[in-house]
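Undergrad: Quick one: the structure is below, and I'll ask about it shortly.
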Amino acid sequence: MLALAAWAGGAGAAALVVKVAKPDGRPVAGAVVLLHGPPGSKSSAPATFIVDQVNQTFTPDLIVIPVGSTVTFPNSDSVSHQVYSFSPTKRFQLPLYRGTPYPPVTFANPGIVTLGCNIHDDMIAYLVVTDAEWFGRTAQDGSWTASNLPAGDFRIEVWHPRMRESTDVIERPLKLEAALSGRLDVQLTRSLRPEPLGVKPRSWSDY
Amino acid sequence: MRAVIATALALLCAPAMADGHLDLSVDLRLVGADGRSSWLDDGLGKLRFDENHDGLQVGRLRAAWNQTFGETLNLRIDASLWRLSDHNAFDLTEAYLEYRPYPKEGWRSRVRVGAFYAPISFEHRAAGWTNPYLISSSAINTWVGEELRTIGAEYSLEWLGTRLGRDFDLGLVAAIYGWNDPAGILVASRGWALHDRQTTLFGKVGEPGTGPVPGRVLFKEIDHRPGYYVGAHLRYLDRVELRYLRYDNRADPERFDPGINDFAWLTWFDSVGLRFETANGWTLIAQWLAGITEIEPDSGYEDWKYSSTFALVSKALGRHRISLRADWFDTDHFVTSWPPGLQETGSAWTAGYSFERNDHWSFAVEAMQIKSDVEQRASLGERPDATERQLQLQLRYTR
């Protein structure tokens, strides 16, 4: 469910507040918002990122990165990990390692990459690779704000790793007018999956 | 089996040690028990420690080696000592090579070759097939640790739906194995028991009801007919898992092995288990197992129907855990000759507290009461009904 409201904003540029809510109206924190600009908009510049492995957990467990970015996957645990992705966006494997023996991995295509460890099945993390110029994650109050936007036709994508909507990503067109502030309310139609139970004791290794 | 282990040991000693890890643990107990003479000492008691074996006892001395070869091969060797006077004091409980290729398109395969446990218990999720909830296992999984070991090869295939944005994972498993022909003898001749002792691959256990004998061998190939198991699991997120396993050792019940003075026991069963976990530290495990074991000596046909159920509830509070389990069990012996078959029924309550101080030190206490009515006890001159109680304190150091 989407609702768009607009009102007079600052001079020239437009601004947008996106609020993501659960079916009961409570805010969804940590939802990924990707805002694709009008034709001619460019992608954000690639950068370098780190997804560490600490206490058998990927840290952070979700990052949004511009297309072309590189990510290093150090292992700060004393046990070995074996990182893999079978997501079509980027398939790769980092054979059993500790420390940082491998060069950074480049993510050249937009999409969602699910990371796992072939040794520790509970480990999971997500990379959202995007060619959007504006992107981010919603705060505790469920909101994400973009300012200094040009006027024009936009496309917005909203995604959360625990989302259960009928489509993998919520995607909508959006029209912004100059000097107007817009607010977009995105209400999920289904509840989020519960949060993972967290790290099991080190000696556990399911039989 | 010895060839498999010799190969495994040769691989272990190979110069190209990629990534090896040694686990050592010492588990000591202070035990108070009033049970009947234990099945380890040829009695029909259901406890590991009877009234003649309490006080300070060795719980388990364990050494395990985990070695990776290349990317996807992993060797696990688990050896333990359970009692200083055992036939093979320090012996293997598991030794196998595991092949874990990377998942592809959401499908994951795994192959295990060697000697290992079938995926049947939801209790035993810690290293060395250890139960982190209570010191003693349920009647069902005590029996699994006593008599069952997959000495062969297993293939499992899993669809990782939760990694594809779905709510469920699904898996199938199948194995073919040998050396499990005596499986069934303990549940038939003694009935069910509740403890944490696992039979080692070359070890022996007592021979209930026959007086002092050299001991019974539980892993032996008698009829050269492989057994199998097939199973499936369904997992909802990381909260709920349901498992089914059909085990059949396909033994030829007419075959007798003079070497171990025993028949091949044709044993099959179905097992269904459920584990449910919540975000605030509650775990519920329930399991049901029922099957038949039979032999066909010249004197006629004999079978034992056996079944057991348990429910365990556990609550973790940081490093502290409290758990409570109820077990129910029975066996029913049918024989075509005189005298008629004997039966047993029983139930048990087990309550425990554990504290994991850190990665090295842990402490646990467990109280257990088993009430059973075992008609066969009359052959030892005992009353059939017994209430056996055991209190254990456990101190364990792991490095």
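The values are calculated or read from the model by the stated rules, or taken from the named source; none is laboratory data. The structure presented is a predicted model; accordingly, all values stated were derived computationally and were not measured. In this analysis, Cβ positions are derived from the backbone assuming ideal geometry, glycine residues included, and neighbour counts consider all displayed protein chains. When the accessible area is computed, the model is the full protein with side chains, heavy atoms only, and any ligands, DNA or RNA have been set aside. Shrake-Rupley method; radii C 1.70, N 1.55, O 1.52, S 1.80 Å.
Undergrad: For the range B:172-185, in order, what is each residue's ³J(HN,Hα) by Karplus, 6.51 cos²θ - 1.76 cosθ + 1.60 with θ = phi - 60°, in whole Hz (x at glycine and Pro)?
TA: Karplus values, whole Hz, x for Gly and Pro: 10, 9, 8, 9, 10, 8, x, 6, 10, 5, x, 4, x, 4.
Undergrad: Follow-up. Counting only protein heavy atoms, what percent of the accessible surface of the protein assembly as shown is carbon or sulfur at a 1.4 Å probe? Write out the running numbers ahead of the final one.
TA: On the way: 14950 of 25600 Å².
Answer for the protein assembly as shown: carbon and sulfur cover 58 percent of the accessible area.
Undergrad: Indicate, rounded to the nearest 5 percent, the antiparallel portion of the DSSP beta bridges found entirely in the range A:41-118. Please list the in-between numbers first.
TA: Values: 13 of 17 bridges.
So the antiparallel bridges in the range A:41-118 amount to around 75 percent.
Undergrad: Still on this structure: Under a 5 Å amide H to amide H cut-off, with H placed in plane at 1.01 Å, what residues pair with B:S137 once short-range neighbours are removed?
TA: Distant-sequence amide H within range of B:S137: B:H195, B:D196.
Undergrad: Could you tally the net charge around B:P101, taking each other residue with its Cβ under 9 Å from the Cβ of B:P101, Lys/Arg +1 and Asp/Glu -1? Write down the numbers at each step before the final one.
TA: Numbers: positive: B:R100, B:K104, B:R108, B:R110; negative: B:E71.
For residues surrounding B:P101, the net value is +3.
Undergrad: Still on this model: With springs connecting C-alpha atoms under 10 Å apart, model chain B as a Gaussian network and identify which of B:P258, B:P101, B:P339 has the largest mean-square fluctuation.
TA: The residue that fluctuates most here is B:P339.
Undergrad: So, one more: Apply the Kirkwood formula to the protein assembly as shown: the hydrodynamic radius equals the inverse of the mean of 1/r over all pairs of different alpha-carbon atoms; give it in Å with one decimal. The partial results should precede the final answer.
TA: Values: mean 1/r = 0.0370 Å⁻¹.
About 27.0 Å, per the Kirkwood formula over Cα pairs.
Undergrad: Something else about it: Rank B:L237, B:L172, B:L324 by mean-square fluctuation in a GNM of chain B with C-alpha springs under 10 angstrom and give only the top-ranked residue.
TA: B:L237
Undergrad: Now, a different point. Applying 1/(1 + (r/R0)^6) with R0 = 25 Å to the Cβ-Cβ distance of B:Q369 and B:A290, what FRET efficiency is obtained, to the nearest 0.05?
TA: Numbers: r = 24 Å, r/R0 = 0.95.
Once rounded, the FRET efficiency stands at 0.55.
Undergrad: Short version: ³J(HN,Hα) in whole Hz for each residue of the range B:47-58, in order, from phi by Karplus 6.51 cos²θ - 1.76 cosθ + 1.60 (θ = phi - 60°), x for Gly and Pro, what are they?
TA: 9, 6, 10, 9, 5, 8, 10, 10, x, 7, 9, 6
Undergrad: Accessible area per residue for the protein assembly as shown in Å², computed with a 1.4 Å probe and the full protein assembly in place, what is it?
TA: On the way: 25600 Å² over 606 residues.
It amounts to 42 Å² per residue over the protein assembly as shown.
Undergrad: Can I ask one more? Compute the convex hull volume of the Cα atoms of the range B:255-377, divide it by the residue count, and report the result per residue in Å³ as a whole number.
TA: 152 Å³
Undergrad: Given a 1.4 Å probe and no ligands, DNA or RNA in the count, how much accessible surface is buried by A and B, both sides, to the nearest 100 Å²? Don't skip to the end; give the middle numbers.
TA: Values: alone 11160 and 17660 Å², together 25600 Å².
Buried surface at the A/B interface: approximately 3200 Å².
Undergrad: Greater than 32 Å separation of Cα atoms is the criterion. Which listed pairs, A:K19/A:K42; A:K19/B:K315; B:K104/B:K315; A:K90/A:K200; B:K104/B:K220, meet it? Mind showing how you got there, number by number?
TA: Working: A:K19/A:K42 24 Å; A:K19/B:K315 37 Å; B:K104/B:K315 36 Å; A:K90/A:K200 28 Å; B:K104/B:K220 38 Å.
Pairs exceeding 32 Å: A:K19/B:K315; B:K104/B:K315; B:K104/B:K220.
Undergrad: Give the residue list of GluC sites (Glu not before Pro) in the range B:231-322 that are DSSP loop and have at most 15 other beta-carbon atoms within 10 angstrom.
TA: Numbers: sites: B:E241, B:E254, B:E277, B:E294, B:E302; in loops: B:E254.
Sparse-neighbourhood loop GluC sites (Glu not before Pro): B:E254.
Undergrad: Quick one: 3J(HN,Hα) in Hz for the range B:296-308, Karplus 6.51/-1.76/1.60 with θ = phi - 60°, rounded, Gly and Pro as x.
TA: Per residue, the Karplus-derived 3J(HN,Hα) values read 10, x, 4, 6, x, 9, 9, 9, 10, 8, 9, 8, 7 Hz.
Undergrad: Sticking with this structure for a sec: At most 10 other Cβ atoms within 10 Å and a DSSP loop assignment: could you name the GluC sites (Glu not before Pro) in the range B:75-110 that fit? Numbers along the way, then the final one.
TA: Values: sites: B:E94, B:E98, B:E105; in loops: B:E105.
Filter output for the range B:75-110: empty list.
Undergrad: Residues of the range A:77-98 losing 10 Å² or more of accessible surface, assembly versus chain alone, probe 1.4 Å, please list them.
TA: Buried-area filter returns A:S80, A:Q82, A:Y84, A:F86, A:R91, A:Q93, A:P95, A:L96, A:R98.
Undergrad: Oh, and also: How far apart, in nm, are the 7 Å Cα→Cβ label points at B:R110 and B:E254?
TA: Placing both labels 7 Å along Cα→Cβ, they lie 4.0 nm apart.
Undergrad: Measuring from label point to label point, each 7 Å out along Cα→Cβ, what is the B:F202 to B:S85 span in nm?
TA: 2.2 nm
Undergrad: Using Cα centres only, tell me the gap between the range B:30-56 and the range A:77-91 in whole Å.
TA: Cα centroid to Cα centroid, the span is 49 Å.
Undergrad: While we're on this one: Test of understanding: what is the full-extension gain from B:L234 to B:V272, defined as 0.36 nm times their sequence separation minus their Cα-Cα distance? Let's see the in-between values first.
TA: Details: separation 38, 0.36 × 38 = 13.68 nm, distance 1.15 nm.
Gain in length upon complete extension: 12.5 nm.
Undergrad: While we're on this one: Could you state the per residue volume, in Å³, of the convex hull enclosing the Cα atoms of the range B:186-273? Before the final figure, lay out the partial values.
TA: Values: hull volume 12.0 nm³, N = 88.
Normalising the Cα hull of the range B:186-273 by residue number yields 136 Å³.
Undergrad: Now, a different point. Is the C-alpha gyration tensor of chain B telling us rounded, prolate or oblate? Criteria: a/c under 1.5 is rounded; beyond that, a/b larger than b/c is prolate, otherwise oblate.
TA: On the way: a/c = 1.42, a/b = 1.22, b/c = 1.16.
Rounded, since a/c falls under 1.5.
Undergrad: Counting only residues 5 or more places away or on other chains, whose amide H sits under 5 Å from the amide H of B:L342 once H atoms are built in the peptide plane?
TA: Those qualifying (amide H under 5 Å, at least 5 residues apart or on another chain) are B:H333.
Undergrad: To continue, here is another question. In a GNM of chain B with a 10 Å cut-off on Cα contacts, which of B:Y96, B:Y133, B:Y117 has the highest mean-square fluctuation?
TA: Among B:Y96, B:Y133, B:Y117, the largest mean-square fluctuation in the Gaussian network model of chain B belongs to B:Y117.
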